Amino acid sequence: MNRLYDGVPDREFEPPYQAMVEAAPVAMVLVDRAGRILSVNAEAERMFRYPRAALAGQAVEILVPGAARGGHATLRDEYQSAPTTRAMGAGHELIGLRADGSEFPVEVGLNPIMPPGAAPDAMAGATRVLAVVSDMSERARAESARAYLAAIVDSSDDAIIGKTLDGTITSWNRAAETILGWPEWEIVGQSIHRIIPADRRDEEAHILARVCSGGRVEDLATVRQRRDNTLIPVSITVSPIRDRGGRVIGASKIMRDATDRHRDELAIRHANAMLELAVAERTRELAEQQEARLRAEAALAQSRRLEAVGQLTGGIAHDFNNLLTVVAGNLDLIRTQVGLGDPAFERAADSIARAVDRGARLTGHLLAFARQQSLQPQLERLDEVVRDFSLLTMRALAENVRLSIEADDDVWPCRIDRAQFESAVLNLSINARDAMPDGGMLSFRIENLVAADDGEVSPGRYVSVRVADTGAGMTKEVVARAVEPFFTTKEVGKGSGLGLSQVYGFVQQSGGALRIESRPGEGTSITMLFPAAEPERAAVAEPARPG
């Protein structure tokens, strides 16, 4: 944009203004009084799909469809006679033309550029005009879609009512006005209780609770109150309204006049519907409690199994390794004591050495056994899993250890094996408990994290689960070996040395990373990083929550 005009620098676009113009999110086209293009910014190149060199010196009508070019030149001449800062083509639809021949709606603002030294009120002396162009394609499509949807809603014979989660009416179609008597201008913004009889207010509370949890209420037979205070039997269906993230932000109610139904039948249906709502709600609560209990029991059983298998495998492997050491040592001794050169002896010694090597490899397999797991990942909110598992966590802690759980408001879902994650949480909690024999604080912090490429994890979105205690802490040397299988600082018989190794293996197998920070006397902080699920997949699977 830093061009010369009549030998005078274009001061409006000199640094730092040039950088501002280039970074602007709207197209900027500078033309002279004859309508020739002097310069364009980067967004103009992108919007009209011309390189700026191809536009320089061209008539600005190159950016206007052929059918409108004659009229555009007339409008341009009229503007030059009395230039002002204003929108172009007020009351008319403006169309832009791309290099590939495609057309698109635009919005144009015109700004006269005065020559250097001109008085601010001498607009007629403007030598150039800066056109600021915005692409209105998305707005036009969105407005068309909204208008079409509004027409569908307004032409329905059923009352269609929108409301927020606190019961404030946000939309009201013509059928709602016909059935209930209130015009839209009078009822929108009012409470939904205006149309609900006093003895049915509890019913509305049940409906909102069902919608907030992501459920629907279908064909509920009930009564509503007209503007003249008379009651009308209706059948209603209520569905949750969700935002782009899947959160429930309101409710949509479809109401049908059911005056012709027998009132006794209406009362029976109402009672049945309320009973079904209550039973369904209670059944859901019991199912959630049972599921939470089963998850906790499975996690505890899994933790115990891992500890037992680790101890057994470690014991067998170490005993076997000791036997191999004796065999290998005696073989070396025999080789030094017995004269070499006997082919039969050499073959026997080599055979024994190969057997020792195979035994050593078998020992390695046994030592790695405790960390070989078949994962069953599914979408989970880690903050919810930690909170659901907190009861079992508390049971694993001593009475003098306090538990704290903090999390971001909208933790990203992750694809993990829930049982293995709960086992990792339990292992870390037990380690923290053992590090605080005199009591202390165990805290969980779950938060979203966008990681850079630091050599430990790939760049991307992660969920961080930080487990911190106020215990004795560890030295650098201990931290460096903390995840090694069978390494432990506990007394003999107090631990297998596989707990943190199992956590490390699980996190690594899940595509994440484990970070340990600790100093003697300052406690220990262990952070598990798990890759967040892809946003579009998580939006489908994430449970809805009221916004």
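The values are calculated or read from the model by the stated rules, or taken from the named source; none is laboratory data. Since the structure is predicted, the reported quantities are computational estimates derived from the model, not experimental observations. Ideal geometry is used to build each Cβ from the backbone, glycine not excepted, and the neighbour counts take in all protein chains shown.
Kindly establish whether residue 56 is out of contact with any His (no Cβ under 6 Å at 6 or more places or on another chain), at pLDDT 80 or above and over 16 Å from residue 134 (Cα atoms). Steps first, please.
Numbers: out of contact with any His (no Cβ under 6 Å at 6 or more places or on another chain): yes; at pLDDT 80 or above: yes; over 16 Å from residue 134 (Cα atoms): yes.
In short, yes.
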Exercise for the section: Tell me, please, whether a residue that is modelled with pLDDT of 90 or more and either of a type in the set (D, E, K, R) or within 20 Å of residue 463 (Cβ to Cβ) (or both) can be found in segment 393-400. Expected result: no
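Check every one of the strands (runs of 3 or more DSSP E) wholly within segment 377-423 and list those with 3 or more residues that are not β-branched (Val, Ile, Thr). Reasoning before the result, please.
Values: elements: 378-380, 401-407, 414-416.
Passing ranges, in order: 378-380, 401-407.
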Exercise for the section: Spot the failing condition for residue 231; the list is (1) more than 25 Å from the chain's Cα centre (by Cα); (2) crowded, with 18+ Cβ neighbours inside 10 Å; (3) of a type in the set (A, V, I, L, M), and only one is missed. Expected result: (2)
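Of 207, 179, which residue is of a type outside the set (Gly, Ala, Ser) and within 32 Å of the chain's Cα centre (by Cα)?
Values: 179 fails: within 32 Å of the chain's Cα centre (by Cα).
The match here is 207.
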Practice task
Quick one: count up the residues across segment 25-51 that are assigned to a helix (DSSP H, G or I) and loosely packed, with under 15 Cβ neighbours inside 10 Å.
Solution key: 1
Practice task
Please go through segment 65-95 and pick out each residue that is at pLDDT below 90 and under 17 Å from residue 48 (Cβ atoms).
Solution key: 66, 68, 69, 72, 88, 94, 95
Exercise for the section: Considering only segment 93-111, state which residues are over 16 Å from residue 28 (Cβ atoms) and touching a Leu at 6+ places or on another chain (Cβ under 9 Å). Expected result: 97, 98, 103, 104, 105
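This table checks each residue for (1) at pLDDT 80 or above; (2) within 21 Å of residue 403 (Cα to Cα); (3) surrounded by fewer than 21 Cβ atoms within 10 Å (Cβ to Cβ); (4) under 32 Å from the mean Cα position of the chain (by Cα).
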site	(1), (2), (3), (4)
444	yes, yes, no, yes
462	yes, no, no, yes
489	no, no, yes, no
494	no, no, yes, no
504	yes, no, no, yes
517	yes, yes, yes, yes
534	yes, no, yes, yes
Exercise for the section: Select from segment 181-228 the residues that are over 23 Å from residue 248 (Cβ atoms), among the hydrophobic types (A, V, I, L, M, F, W, C) and either modelled with pLDDT of 90 or more or exposed (fewer than 14 other Cβ atoms within 10 Å of the Cβ) (or both) and list them in ascending order. Expected result: 185, 198
Exercise for the section: Quick one: residue 180 ticks every box in (1) aliphatic (A, V, I, L, M); (2) in contact with a Pro (Cβ under 8 Å, 6 or more places away or on another chain); (3) outside the structural domain of residue 24 (by TED's automatic domain parsing) except a single one, so which number is it? Expected result: (2)
Exercise for the section: Assess whether residue 295 counts as being outside the structural domain of residue 393 (by TED's automatic domain parsing), at pLDDT 60 or above and either buried (at least 17 other Cβ atoms within 10 Å of the Cβ) or not in a helix (DSSP H, G or I) (or both). Expected result: no
